[in-house]
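Novice: Take this structure first; my questions come after.
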Amino acid sequence: MIGKKNVVFGFLYLVLTAALGPYMAVKQVPAIDAAKEEKKQIVGDIQQYKMDNFEKDLAPMSAEDIAKGTTDGLLSLNKLYNAEDPKNGIKAGPHAHGNLEALLNIVAGIALCFIAVSRKFKQAISWLFILGTVFHSGVLYLMVVFDLQAIAPVRPAGPLLLLAALLLAGIAALLGFKGEPVRD
C-alpha cells in the first residue's frame with residue numbers, strides 16, 4: 001500500500017507539531033503572564049487617574065505626570081505585544097500548518113489506497129505530499145522554534161510541492177478512484 005507511508009508519517013508528524021502546544025505553554029506563557037500583570041497594574045492606574053478627573057491625592061496631576069503615566073501604559077502594552085509575538089509566530093506558522101499538513105498526509109494516504117493508477121504515479125503523489133510538508137511546515141518549524149533563518153530560501157518549495165501533490169491526486173482520483181481498496 002503506497003499510501004501507508006503518508007498515514008504513518010502524518011500521525012508521527014501530528015505528534016511533533018501538536019507538541020508545540022505544550023512547548024509554547026512552558027516556554028512562552030510565563031513571560032506573557034508577567035507582561036499581562038504589569039500592563040494590568042499600569043493601565044489600571046491610568047484608568048483610575050481618568051476616573052478621578054486626573055487628580056492624584058486630591059490635587060490636579062501635572063501634564064508631565066499624565067504623560068509619564070500614559071508613556072508607561074503604552075510601553076506596557078508594547079511589552080505584552082512583544083512577549084506574545086513568539087507564541088503567535090509558533091501558533092500561526094508551524095503549529096497550525098504542521099497539524100493541517102499532517103492530517104492532509106493521513107487523508108492523502110488513505111485516498112491513495114482507493115486509487116488504481118500506476119505505482120510510479122502513486123509513489124510520486126505520495127512523496128510529493130511528504131516532501132511538501134517537510135519543506136513547508138517543517139522548515140517553518142526549524143525557522144521559528146530553532147531560529148534557523150538560513151534555511152528560509154527553501155521554504156517556498158513546500159507549498160508548490162503540496163499544490164502539485166493535490167493536483168496530481170485529483171487527476172489520479174479522476175482516472176482511477178475505485179471506492180474500495182486496491183492492490184498496488
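Novice: Could you work out the local net charge near K39, counting Lys and Arg as +1, Asp and Glu as -1, over the other residues with Cβ closer than 12 Å to its Cβ? Don't skip to the end; give the middle numbers.
Specialist: Working: positive: K36, K40, K79; negative: D33, E37, E38, D45, D72, E84.
Summing Lys/Arg as +1 and Asp/Glu as -1 gives -3.
Novice: Using only Cα atoms and rounding to the nearest 10 degrees, what angle (0 to 90) does helix 4-18 make with the longest principal axis of the chain?
Specialist: With rounding to tens, the tilt is 10 degrees.
Novice: When the Karplus curve 6.51 cos²θ - 1.76 cosθ + 1.60 is applied with θ = phi - 60°, which whole-Hz ³J(HN,Hα) does each residue of the stretch 77-93 get, with x for Gly and Pro?
Specialist: 5, 5, 5, 5, 4, 5, 5, 7, 4, x, 5, 5, x, 6, 5, 7, x
Novice: Here's something else I'd like to know. Which net charge results when you count Lys and Arg as +1 and Asp and Glu as -1 among the other residues whose beta-carbon is under 12 Å from that of T71? It would help to have the intermediate numbers written out before the result.
Specialist: On the way: positive: K68; negative: E64, D65, D72.
Once all neighbours under 12 Å are counted, the net charge is -2.
Novice: May I pose another question? If I model the chain as equal point scatterers sitting on the Cα atoms and use the Debye formula, what is log10 I(q)/I(0) at q = 0.13, 0.15, 0.18 Å⁻¹?
Specialist: Scattering profile of the chain, log10 relative to I(0): -0.74, -0.87, -1.06.
Novice: Just from its helices, what would the mean residue ellipticity at 222 nm be for the chain, if runs of 4 or more DSSP H residues each count -39500 (n - 2.57) and the sum is divided by every residue, rounded to the nearest 500 deg cm²/dmol? Write down the numbers at each step before the final one.
Specialist: Numbers: 8 runs with 133 residues, N = 184.
Computed ellipticity for the chain at 222 nm equals -24000 deg cm²/dmol.
Novice: Report ³J(HN,Hα) in whole Hz for each residue of the stretch 109-126, in order, from the Karplus equation J = 6.51 cos²θ - 1.76 cosθ + 1.60 where θ = phi - 60°; Gly and Pro get x.
Specialist: So the Karplus estimates, Gly and Pro as x, are x, 5, 4, 4, 5, 10, 10, 9, 9, 4, 4, 4, 5, 5, 4, 4, 4, 4 Hz.
Novice: Another question about this same structure. Kirkwood Rh, the stretch 46-96, all Cα pairs: how many Å?
Specialist: Details: mean 1/r = 0.0762 Å⁻¹.
Its Kirkwood hydrodynamic radius stands at 13.1 Å.
Novice: Ranking E101, E64, E84 by Cβ neighbours within 10 Å, fewest first, what do you get? Could the numbers behind the result be given before it?
Specialist: Values: E101 28, E64 8, E84 17.
Listed from fewest to most nearby Cβ atoms, that is E64, E84, E101.
Novice: Additional query: Take the alpha carbon atoms of the stretch 128-172, find their center, do the same for the stretch 11-49, and report the distance between the two centers in whole angstrom.
Specialist: About 28 Å separates the Cα centre of the stretch 128-172 from the one of the stretch 11-49.
Novice: Compute a Gaussian network model of the chain, connecting alpha carbons closer than 10 Å, and tell me which residue from A157, A67, A116 fluctuates the most.
Specialist: Between A157, A67, A116, it is A67 that shows the largest mean-square fluctuation.
Novice: Taking the number of other C-beta atoms within 10 Å as the exposure measure, put I32, I115 in order starting with the fewest. Each step should come with its number before you reach the end.
Specialist: Values: I32 18, I115 21.
Lowest count first: I32, I115.
Novice: List the residues, sorted by chain then number, that are 5 or more residues from K56 or on another chain and whose placed amide H is less than 5 Å from its amide H.
Specialist: Placed amide hydrogens put M61 under 5 Å from K56.
Novice: State, as an integer percentage, the relative contact order of the chain based on alpha-carbon contacts under 8 Å between residues 6 or more apart.
Specialist: On the way: 208 pairs, mean separation 59.0, N = 184.
Reported relative contact order: 32 percent.
Novice: In addition: With the chain treated as a Gaussian network of Cα nodes joined by springs under 10 Å, which of G21, G158, G44 yields the largest mean-square fluctuation?
Specialist: G44
Novice: Do the alpha carbons of any pairs in K39/K91; K91/K122; K40/K87; K4/K120 sit beyond 26 Å of each other, and which pairs? Let's see the in-between values first.
Specialist: Working: K39/K91 23 Å; K91/K122 32 Å; K40/K87 20 Å; K4/K120 15 Å.
Result: K91/K122 exceed 26 Å.
Novice: Further, regarding this structure: Can you pull the one-decimal nm distance between simple spin-label points at L160 and A59, each 7 Å off the Cα toward Cβ?
Specialist: 6.9
Every read-out reported here was derived from the displayed coordinates using simple, explicitly stated rules and does not represent laboratory data. Note that the structure is predicted; figures quoted are calculated from it, not measured. Neighbour counts are summed over all protein chains in view; Cβ atoms, including those assigned to glycine, are modelled from backbone coordinates with ideal geometry.
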